[in-house]
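K.L.:
What follows is a structure written as structure tokens; I'll ask about it next.
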Amino acid sequence: MTMENKNTQNLNCGCDPYLLSLVETSQEQQPVAKISNRSTGLLLASITGGAAIALSVVCFPFVAPALRRVVLPYVPASTQQVENVMKALSKSSTGGKKLIDLGSGDGRIVLAAGQRGFQSHGVELNTVLVLYSKLAAWRQRIKNATFSRQDLFKVDYTKYNNIVIFGVEEMMPELEALFEKSLTSSSQVIACRFPLPNWKPSHIIGEGIDTVWVYEV
């Protein structure tokens, strides 16, 4: 239908020509509006998807398993947990000032112990967390707090008087067997969140998820 015929038909319907012109203009602009809305939706979807991917890349090293032999995700110690570990260290009868934290995560236990005069070392398999901990020690100027990327089942435990472990329940029997073979007679083990299955603790500090079990060898 030509424009002339269309206009003639509209006039014959008895409708207001001005109103008809508004309707025709709206119909002509509708496809453009749909295209514009579609482009905006695609742009927002792209931005949202890109942000989600970037966030996943940044967060993955912190939630990836920290130890090869068990699924042990990085879960930072609470302030109360750190305080309970420090209480356990202050009550130690070994008198030793050398500490190792197994699966040290972001290093907060090692740093806190270093501030209290312990020669403390953190063992962690997650490279990003090791670098993060080293940076934190440098920024806080704690020279007696060190970190390394290492498997806890390959550590020389004879060097340490205090062994701190934040483990999961499934790994505690294996760690208990490891400690029986590796620890010297003047050591103590500080287990957090889960106790060793067969050893009897000398004392217990805290409650709930902040509980600390202290074992004297």
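The values are calculated or read from the model by the stated rules, or taken from the named source; none is laboratory data. Note that the structure is a prediction, hence the values are computed from the model and not measured. FYI the Cβ positions are ideal-geometry reconstructions off the backbone, even for glycines, and counts take in every protein chain you see. Protein only, heavy atoms only, side chains kept; ligands, DNA and RNA dropped before computing areas. Shrake-Rupley method; radii C 1.70, N 1.55, O 1.52, S 1.80 Å.
K.L.:
Which residues, counting only those in the range 141-155, are closer than 21 Å to Asn126 by Cβ and in contact (Cβ under 8 Å) with a residue 24 or more places away in the chain?
P.N.:
Those that are closer than 21 Å to Asn126 by Cβ and in contact (Cβ under 8 Å) with a residue 24 or more places away in the chain: Ile142, Ala145, Thr146, Phe147, Ser148, Arg149, Gln150, Asp151, Leu152, Phe153, Val155.
K.L.:
Yes or no: Glu174 free of Cβ contacts under 8 Å to residues at least 60 places away in the same chain and assigned by the TED database to the domain that holds Leu196? Please lay out each step first, then the result.
P.N.:
On the way: free of Cβ contacts under 8 Å to residues at least 60 places away in the same chain: no; assigned by the TED database to the domain that holds Leu196: yes.
It is false that Glu174 is free of Cβ contacts under 8 Å to residues at least 60 places away in the same chain and assigned by the TED database to the domain that holds Leu196.
K.L.:
Test Phe147 against the stated conditions and say whether it is modelled with pLDDT under 90, surrounded by 13 or more Cβ atoms within 10 Å (Cβ to Cβ) and either in contact with a strand residue (DSSP E or B) (Cβ under 9 Å, 6 or more places away or on another chain) or of a type in the set (Asp, Glu) (or both). Spell out how you get there, then give the answer.
P.N.:
Working: modelled with pLDDT under 90: no; surrounded by 13 or more Cβ atoms within 10 Å (Cβ to Cβ): yes; either in contact with a strand residue (DSSP E or B) (Cβ under 9 Å, 6 or more places away or on another chain) or of a type in the set (Asp, Glu) (or both): yes.
It is false that Phe147 is modelled with pLDDT under 90, surrounded by 13 or more Cβ atoms within 10 Å (Cβ to Cβ) and either in contact with a strand residue (DSSP E or B) (Cβ under 9 Å, 6 or more places away or on another chain) or of a type in the set (Asp, Glu) (or both).
K.L.:
State all residues of the range 173-189 that are surrounded by fewer than 20 Cβ atoms within 10 Å (Cβ to Cβ) and touching a strand residue (DSSP E or B) at 6+ places or on another chain (Cβ under 8 Å); if no residue qualifies, say none. If you could, list the steps in order and put the result at the bottom.
P.N.:
So the first thing to find is which residues in the range 173-189 are surrounded by fewer than 20 Cβ atoms within 10 Å (Cβ to Cβ), and the list is 173-174, 176-186.
If the condition is that a residue be surrounded by fewer than 20 Cβ atoms within 10 Å (Cβ to Cβ) and touching a strand residue (DSSP E or B) at 6+ places or on another chain (Cβ under 8 Å), then Phe179, Leu183 are the ones that fit.
K.L.:
Among the numbered criteria (1) part of a strand (DSSP E or B); (2) open to solvent by 50 Å² or more (accessible area, probe 1.4 Å), which single criterion is violated by Ile163?
P.N.:
The single condition Ile163 does not satisfy is (2).
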